[in-house]
Structures are given as C-alpha cells and as structure tokens.
Amino acid sequence: MVKQKLSRSEVVAALGGVLLAISVFVKAFEARPENPNANIDGMRGTLSIWQVNDIARYLFLLAAIAPIVLVYIVLRDHQLSWPRGELTAIIGMTAATLLFYIGIVDRPGEPSGQIELEIGWYGAMLGSVMTAAGGALRSTETVRTRKPPGIP
C-alpha cells in the first residue's frame, strides 16, 4: 500500500534527506597535512560540517527533515494550498546554495586554499541536490487549477 502512494520523486527526495543528515557528521574539510600553518578554527586534521559550522549545521539538519515531511504528507494524503514537493525543492536548493558557499566561495580555515573538501561535503551536496530534484519533480505532478482574476 505504501508503494502505491509514493512516487519515485518522493523516494529520491527522502534518500537525499537521509544522505544530507548523515553527511553533516562525516568528515567534510581537511587542513592539508603538508602545510603546518593550515588549520580550521585552530584545529588540524579532518573536521565535519557539524564541527565547523555553528549555525549552518542546524539548517542542514532541518533541510534533511523536509523530504521526510513530504513523505508523511503524501502517505497521509493531506491537502495543501501549494503543490506537494514545492517547499521541499526550495529547501533543497537553499541547502545546496549554502553548501556551495561554505565549500567553494568561503571555505573555512586559514589559509582557505589549503583546506580540502572531503566526502562529507560531497555527500551533503549530493543529498541536497537529490532533495531539490525530488521535490521539484513531485511538484510538477500536481496540476494547478487556474482561476479568473478577482476570484479568491
């Protein structure tokens, strides 16, 4: 019965959310060992997103919950005022944008060119993209009814 209600897009989004949640705790940044001056917040070695980002870590965990909420909404057949999956897609895109910023634009550590990205960052990026893609595909499955102007 569950298989009939869930489409492939919801499963992709949910798997992306799980991957994002796990990746927050996996090593994501590494100060290059050959450079004795390279450090991340005064620490050397490999660090996870959870260890490096004080505020963003909670945002990523909240973003990981969004596709699970989408699955719950679909399974319970709740009625929404917006297409199902639309908010999940937006949250996934926001998480991917934030990950891009902290991994490419403003990498943590000193000097930032001596900090390497590790599997945790790539997993989190893949998970957020999967969440965004799954939510976007789910939102296209809903047909919006158009109303004439002036009708609430």
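Any read-out appearing in this document is the output of simple, stated calculations on the displayed coordinates, not a laboratory observation. Everything quoted here is computed from the prediction, not taken from an experiment. When we count neighbours, we look across all protein chains shown, and the Cβ atoms used for this are built from the backbone with ideal geometry, even at glycine.
Listed values, structure above:
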| item | result |
| --- | --- |
| Residue ID - nearest to the chain's Cα centre (by Cα), chosen from residues in the range 79-121 that are closer than 29 Å to residue 32 by Cα and free of Cβ contacts under 8 Å to residues at least 12 places away in the same chain | 97 |
| Tally of residues being outside any helix (DSSP H, G or I) and farther than 16 Å from residue 66 by Cβ across the range 1-52 | 26 |
| Residue within the range 11-30 that is in contact with a strand residue (DSSP E or B) (Cβ under 6 Å, 6 or more places away or on another chain), hydrophobic (A, V, I, L, M, F, W, C), in contact (Cβ under 8 Å) with a residue 60 or more places away in the chain and farther than 23 Å from residue 127 by Cβ present | no |
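Yes or no, residue by residue, for (1) among the basic types (Lys, Arg); (2) farther than 30 Å from residue 139 by Cα; (3) surrounded by fewer than 18 Cβ atoms within 10 Å (Cβ to Cβ):
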residue	(1), (2), (3)
8	yes, no, yes
16	no, no, no
23	no, no, no
37	no, yes, yes
43	no, yes, yes
57	yes, no, yes
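Okay, residues lined up against (1) in contact with a helix residue (DSSP H, G or I) (Cβ under 6 Å, 6 or more places away or on another chain); (2) farther than 16 Å from residue 130 by Cβ; (3) not aromatic (Phe, Trp, Tyr):
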{"residue": "25", "(1), (2), (3)": "yes, yes, no"}
{"residue": "35", "(1), (2), (3)": "yes, yes, yes"}
{"residue": "53", "(1), (2), (3)": "no, yes, yes"}
{"residue": "58", "(1), (2), (3)": "no, yes, no"}
{"residue": "80", "(1), (2), (3)": "no, yes, yes"}
{"residue": "93", "(1), (2), (3)": "yes, no, yes"}
